[in-house]
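Engineer: Here it is, the structure in full.
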Amino acid sequence: VHNRVQKLLDEERFHFQHATGWTRRLGQVDAVRGEFRDALQRLLPAALRWFGHPDGSDERRLLEEEITSDGPGALRSRFLDTVAPVLESVGLAAELGLTLRDNEWLYEGELDWSGWDGSRRRAGGEGPDAETIARVRGDKNRAFLMD
């Protein structure tokens, strides 16, 4: 288990570094900056909701069973403390509704909890479309598998 957890943490660091690099590139190129900002404005609320509803029973159970180390608000705050400085470095934090107050990054927007399903960590129809799921699964390559 220790090796698997370490691998997960290594993957998380790698993906954060990768995303940081792309954020700096895309955030500084005028030709794509607006499109990048628009995508972030659309996706940031879903990412912030993923940590769970502040009063959700599923979230409370995860905390009680020590699957998560903190409640949804604290986890969201830690995420913002990591991600917001990168967005600030390219001047996008304020445009996305992120502000630094008393040394803590806050999202000033409203999170829409209508249709939230705590067990799926999604609201309504959020999530990858069928084509994306097939691509991630490698469905196109399944035809080449031999039993």
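Just so you know, all these numbers are worked out from the coordinates, no wet-lab data involved. Please read all numbers here as calculations on a predicted model, not as lab measurements. Virtual Cβ from ideal backbone geometry, glycine too; neighbours counted across all protein chains shown.
Engineer: Per residue of the stretch 67-77, in order, report the coupling 6.51 cos²θ - 1.76 cosθ + 1.60 (Karplus, θ = phi - 60°) as ³J(HN,Hα) in whole Hz, putting x for Gly and Pro.
Structural biologist: Once rounded to whole Hz, the list reads 7, 10, 8, 8, x, x, x, 5, 5, 4, 4.
Engineer: Which whole-Hz couplings ³J(HN,Hα) result when phi for each residue of the stretch 119-126 is put into the Karplus expression 6.51 cos²θ - 1.76 cosθ + 1.60, θ = phi - 60°, listed in order with x for Gly and Pro?
Structural biologist: Residue by residue, the stretch 119-126 yields 6, 9, 6, 8, 10, x, x, 5 Hz.
Engineer: Treat every Asp and Glu Cβ in the stretch 43-144 as -1 and every Lys and Arg Cβ as +1, leave all other atoms uncharged, and give the resulting dipole magnitude about the Cα centre to the nearest 20 debye.
Structural biologist: Taking the Cα centre of the stretch 43-144 as origin, the dipole is about 600 debye.
Engineer: In deg cm²/dmol and to the nearest 500, what is the mean residue ellipticity at 222 nm of the chain if only DSSP H runs of at least 4 residues count, each as -39500 (n - 2.57), divided by the residue total?
Structural biologist: -18000 deg cm²/dmol
Engineer: Apply the Karplus curve 6.51 cos²θ - 1.76 cosθ + 1.60, θ = phi - 60°, to the phi angles in the stretch 91-98 and return the couplings in whole Hz, x for Gly and Pro.
Structural biologist: Values per residue, Gly and Pro as x: x, 9, 4, 5, 5, 9, x, 9 Hz.
Engineer: While we're looking at this one, here's another question. Using alpha-carbon pairs under 8 Å, 6+ residues apart, how would you state the relative contact order of the stretch 40-147 in percent?
Structural biologist: 26
Engineer: OK, next. Mind jotting down the distance between the C-alpha centroids of the stretch 92-130 and the stretch 27-74, whole Å?
Structural biologist: Each part reduced to its Cα centre gives a spacing of 5 Å.
Engineer: Report which label in [x] 54, 46, 27; [y] 84, 33, 26; [z] 58, 45, 35 holds the value of Cα extents along the principal axes in Å derived from the coordinates of this structure.
Structural biologist: [z]
Engineer: Oh, and also: For the chain, which span is the longest to avoid every loop-located (per DSSP) member of chymotrypsin sites (Phe, Trp or Tyr not before Pro) having at most 15 other Cβ atoms inside 10 Å?
Structural biologist: Free of exposed loop sites, the longest segment is 51-112.
Engineer: Around D117, which amide H atoms from residues at least 5 apart in sequence, or from another chain, sit under 5 Å from its own amide H, with H modelled in the peptide plane?
Structural biologist: R122, A123, G124
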